[in-house]
Amino acid sequence: MTTGRHLNKVKPSVVDALEPLFDGASVMVGGFGLCGNAEALIAGVVERGVKDLHLISNNAGNMGKGLAAWLRAGVVGRITCTYLGNNEDLHAAMREGKIRIDVIPQGTFVERMRAAGAGIPAFYTPTGVGTVVAEGKETRTFGDREYVLEEALHADFALIRCKQADPFGNARFWRTARNFSPIMATAAKTTILEADALVELGALDPDDVHLPGIFVHRVVEVTEHEDPFEYRTVRQKETA
Amino acid sequence: MSWGKQDMAKRAAAEIAPGSIVNLGIGLPTLVADYLPDDGSVWFHSENGLLGMGPFPYEGDEDPQLINAGKQTVTVVPGGSIFDSATSFAMIRGGHVDLAVLGAMQVAMTGDLANWSIPGGKTMGIGGAMDLASGAKRILVLTRHTTKEGEPKLLERCDFPLTALGCVDRVITELGVFDVTGDGFRVVELAEGVALEEVREKTGAPLTE
C-alpha cells in the first residue's frame with residue numbers, strides 16, 4: 001500500500017496500536033452505549049493489563065459488554081460519563097465507591113472535548129445552571145441569562161472506531177456509530193483508530209472525509225466485530 | 001376516569017405544529033411519535049446524532065449502528081442526516097430544536113424540572129436531559145401526575161436534584177394539561193371524567209382555572 005509523502009500510521013496489530021498506552025492515562029473511548037465501540041482496542045486494553053485509567057466515555061459500556069469489561073477487569077481508576085442507564089457494572093462501581101465517577105451533561109461532555117481540540121480552555125454554557133453540575137463553578141450573566149464556566153476536557157488517548165480509514169488516518173464513519181468519536185480524536189494527544197476497512201490513500205473523496213487524518217496517530221484494521229444490539233426494536237411489514 | 005399512556009401521548013402529539021423539529025425523551029415521550037401524521041411534516045432529532053429519525057426498521061433491516069438515544073434500532077427518513085455529537089448538541093444548545101418532550105420526577109410551578117436522580121435511589125444519569133431542558137425552545141413534560149406512592153409530582157418547589165431552572169412550559173399527565181404560571185399551575189384541559197377537586201388533591205401547588 002502506497003502512502004505517498006505521508007507518514008504511514010498503520011500498525012500491524014491491536015497490540016502494536018496500543019503500544020504507547022500507560023498506567024494512569026486518561027482515555028477517551030467513542031461510542032453511544034455499544035454503538036460504534038472500538039471493540040478490539042477495548043479488549044486489547046484489558047489484555048494489556050494496564051491500571052488506574054481515567055475513562056472518558058458517554059456510557060462506560062452496557063449489558064456487561066463493551067467498556068463494562070474494563071470495569072470488571074479493574075483497569076479503571078476514574079470515570080467521566082453522562083449516563084448510567086441499565087449499565088449494572090457502572091451502578092455497582094458507583095455503589096462500591098472505590099472509583100471516582102463524574103456524571104456530567106452530554107452536551108457539556110462533548111463541548112468540553114470540542115473546546116480541548118480547538119484550543120479553547122473554557123466556555124460558558126447555560127446547561128447545568130442552578131443544578132449540582134454548577135456547584136463550585138464560576139458563573140456569569142450575559143444579557144438576562146446566567147451561564148456556568150466549563151473547562152476543556154483533554155485526554156492522553158482516544159480509542160475510536162470507523163468504517164473506512166486510509167493510512168493517513170482520514171476516516172469515514174457509519175450511521176450513528178460516529179457520535180463522539182471524531183470530537184474525541186481532536187481532544188486526545190494520541191488517537192488510535194480501529195478501522196473496519198483500510199483503504200488506499202486517495203480512495204476516500206476529500207469531500208467525504210468525516211475526520212481528517214491530522215487528528216489520528218495510529219490506525220489498525222479490524223475486520224470482525226460483534227456489534228451487539230442493545231434494544232433490537234422492529235416493526236412488522238404491513239400485509240396487503 | 002383518566003387518560004391512559006396512549007391518550008397522553010396522543011394529547012402531546014396535538015401540541016406539535018407541522019414543520020417542528022422535535023426531540024422525544026426516553027420512555028413515555030417516545031410514544032408521541034405514533035400519533036403524529038406520517039407525512040414528513042415533523043422532524044425528529046435524536047441527540048446521538050440523527051435528524052430525520054424514522055420508525056423502527058422492518059424485521060431483517062435492523063442495523064446495530066443505527067440507533068436512537070434510547071439505543072433502540074431505528075431508521076432514517078428521506079432527507080435525514082447523521083452527524084457527530086458536537087453538531088447534535090449545537091442543535092440543542094443553540095436553540096435550533098423547537099420542542100423537547102421530556103419525562104419528569106418533579107415539576108415546580110416556576111418551571112423547574114427534576115428528572116435525572118432520586119435522592120437515595122438509583123441514578124440513571126444526566127444524558128442529554130440538562131441540555132434539552134435548557135436549550136430547546138419549548139419544553140413539554142409528559143408524566144404521571146403522582147409517584148407510585150401517590151406523592152404529587154407537580155409542586156411549589158422540587159426537592160430532587162434539578163435538571164434545569166424555569167424551563168418547563170406545559171405538563172401533560174393522566175389527569176389533564178397544565179401550564180406553569182410561576183405561582184401555580186393553570187388548568188388548560190382536564191381528562192374526560194376528571195374533576196378539578198381530584199386534581200387539586202393530587203397537586204402540590206396552587207391550581208388555577
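For the stretch B:109-120, a residue qualifies if it is within 11 Å of another protein chain (Cβ to nearest Cβ), of a type in the set (Gly, Ala, Ser) and either more than 17 Å from the chain's Cα centre (by Cα) or not in a loop (DSSP other than H, G, I, E, B) (or both), and exactly one does: B:Ala114.
For (1) more than 15 Å from the chain's Cα centre (by Cα); (2) surrounded by 13 or more Cβ atoms within 10 Å (Cβ to Cβ), each residue gets a yes or a no:
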{"residue": "A:Arg112", "(1), (2)": "no, yes"}
{"residue": "A:Gly117", "(1), (2)": "no, yes"}
{"residue": "A:Thr131", "(1), (2)": "yes, yes"}
{"residue": "A:Glu135", "(1), (2)": "yes, no"}
{"residue": "A:Thr141", "(1), (2)": "yes, no"}
{"residue": "A:Glu151", "(1), (2)": "yes, yes"}
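Going residue by residue through the stretch B:156-163, is there one that turns out to be more than 14 Å from every other protein chain (Cβ to nearest Cβ), under 18 Å from the mean Cα position of the chain (by Cα) and crowded, with 17+ Cβ neighbours inside 10 Å? No, because not a single residue in the stretch B:156-163 is more than 14 Å from every other protein chain (Cβ to nearest Cβ), under 18 Å from the mean Cα position of the chain (by Cα) and crowded, with 17+ Cβ neighbours inside 10 Å.
Name every residue in the stretch A:93-105 that is modelled with pLDDT under 90 and either within 11 Å of chain B (Cβ to nearest Cβ) or in contact with a helix residue (DSSP H, G or I) (Cβ under 7 Å, 6 or more places away or on another chain) (or both), in order of residue number. Of everything in the stretch A:93-105, those that are modelled with pLDDT under 90 and either within 11 Å of chain B (Cβ to nearest Cβ) or in contact with a helix residue (DSSP H, G or I) (Cβ under 7 Å, 6 or more places away or on another chain) (or both) turn out to be A:Ala93, A:Met94, A:Arg95.
Tell me, which residue of the stretch B:79-101 that is without any contact (Cβ under 8 Å) to a residue 40 or more places away in the chain, assigned to a strand (DSSP E or B) and more than 8 Å from every other protein chain (Cβ to nearest Cβ) is surrounded by the fewest Cβ atoms within 10 Å (Cβ to Cβ)?
Here is the first cut: in the stretch B:79-101, the ones without any contact (Cβ under 8 Å) to a residue 40 or more places away in the chain are B:79-87, B:90.
When the remaining residues are screened for being assigned to a strand (DSSP E or B), the result is B:79-82.
Those still in the list that are more than 8 Å from every other protein chain (Cβ to nearest Cβ) too: B:79-81.
Details: B:Gly79: 9, B:Gly80: 14, B:Ser81: 11.
Checking each candidate, the answer is B:Gly79.
Are any residues in the stretch B:21-58 touching a strand residue (DSSP E or B) at 6+ places or on another chain (Cβ under 8 Å) and among the aromatic types (Phe, Trp, Tyr), and if so, which ones? The answer is B:Trp43, B:Phe44, B:Phe56, B:Tyr58. Within the stretch B:36-57, the set of residues being out of contact with any helix residue (DSSP H, G or I) (no Cβ under 9 Å at 6 or more places or on another chain), in a loop (DSSP other than H, G, I, E, B) and among the hydrophobic types (A, V, I, L, M, F, W, C) comprises just one member, B:Phe56. Summed over the stretch B:118-144, the residues that are more than 12 Å from B:Arg170 (Cα to Cα), surrounded by fewer than 19 Cβ atoms within 10 Å (Cβ to Cβ), touching a residue at least 40 places away in the same chain (Cβ under 8 Å) and not aliphatic (A, V, I, L, M) give a count of 2.
With the condition kept exactly as written, say whether any residue in the stretch B:58-74 is surrounded by fewer than 17 Cβ atoms within 10 Å (Cβ to Cβ), within 12 Å of chain A (Cβ to nearest Cβ) and in a strand (DSSP E or B). Taking every residue of the stretch B:58-74 in turn, at least one turns out to be surrounded by fewer than 17 Cβ atoms within 10 Å (Cβ to Cβ), within 12 Å of chain A (Cβ to nearest Cβ) and in a strand (DSSP E or B).
Evaluate the stretch A:25-47: report whether one residue or more is small (Gly, Ala, Ser), within 21 Å of A:Ile104 (Cβ to Cβ) and away from chain B (no Cβ under 14 Å).
We begin by selecting, within the stretch A:25-47, every residue small (Gly, Ala, Ser); these are A:25-26, A:30-31, A:33, A:36, A:38, A:40, A:43-44.
Okay, now just the ones that are also within 21 Å of A:Ile104 (Cβ to Cβ), so A:25-26, A:30-31, A:33, A:36.
Among the residues that remain, those that are also away from chain B (no Cβ under 14 Å) are: A:25-26.
Looking through the stretch A:25-47, at least one residue is small (Gly, Ala, Ser), within 21 Å of A:Ile104 (Cβ to Cβ) and away from chain B (no Cβ under 14 Å).
Among residues of the stretch B:148-165 that are more than 21 Å from B:Leu207 (Cα to Cα) and part of a strand (DSSP E or B), none has a beta-carbon under 8 Å from a residue that is of a type outside the set (D, E, K, R) and at pLDDT below 95 at least six positions away or on a different chain.
Close Cβ contacts (under 8 Å, 6 or more residues apart or on different chains) running from residues in the stretch A:190-215 that are at negative phi and outside any strand (DSSP E or B) to residues that are crowded, with 17+ Cβ neighbours inside 10 Å and hydroxyl-bearing (Ser, Thr, Tyr) comprise A:Phe215/A:Thr186; A:Phe215/A:Thr191. Beta carbons closer than 9 Å, at least 6 apart along the sequence or on distinct chains, pair a first residue in the stretch B:41-53 that is within 7 Å of chain A (Cβ to nearest Cβ) with a second that is part of a strand (DSSP E or B) and among the β-branched types (Val, Ile, Thr) for B:Asn48/B:Ile67; B:Gly49/B:Ile82; B:Leu50/B:Ile67; B:Leu50/B:Val76; B:Leu50/B:Ile82.
How many residues are within 29 Å of B:Gly128 (Cβ to Cβ) and surrounded by 24 or more Cβ atoms within 10 Å (Cβ to Cβ) if we restrict to the stretch A:9-41?
First pass over the stretch A:9-41, keeping only residues within 29 Å of B:Gly128 (Cβ to Cβ): A:25-41.
With the extra rule that they be surrounded by 24 or more Cβ atoms within 10 Å (Cβ to Cβ), the set shrinks to A:27-38, A:41.
The total comes to 13.
Comparison of A:Gly169, A:Gly213, A:Gly202 shows that the only residue that is small (Gly, Ala, Ser) and either in contact with a Cys (Cβ under 9 Å, 6 or more places away or on another chain) or surrounded by fewer than 22 Cβ atoms within 10 Å (Cβ to Cβ) (or both) is A:Gly202.
Of the residues in the stretch B:102-117, at least one is free of Cβ contacts under 8 Å to residues at least 60 places away in the same chain and over 15 Å from B:Ile139 (Cα atoms). Scanning the stretch A:131-152 for residues that are within 11 Å of chain B (Cβ to nearest Cβ) and either touching a residue at least 12 places away in the same chain (Cβ under 8 Å) or assigned to a strand (DSSP E or B) (or both) returns A:Val133, A:Ala134, A:Arg145, A:Glu146, A:Tyr147, A:Val148.
The single condition among (1) at pLDDT 95 or above; (2) surrounded by 18 or more Cβ atoms within 10 Å (Cβ to Cβ) that A:Leu90 does not meet is (1).
The values are calculated or read from the model by the stated rules, or taken from the named source; none is laboratory data. Computed from a predicted structure; not experimentally measured. Counting neighbours? That spans all protein chains shown, and the Cβs are built from the backbone with ideal geometry, glycine included.
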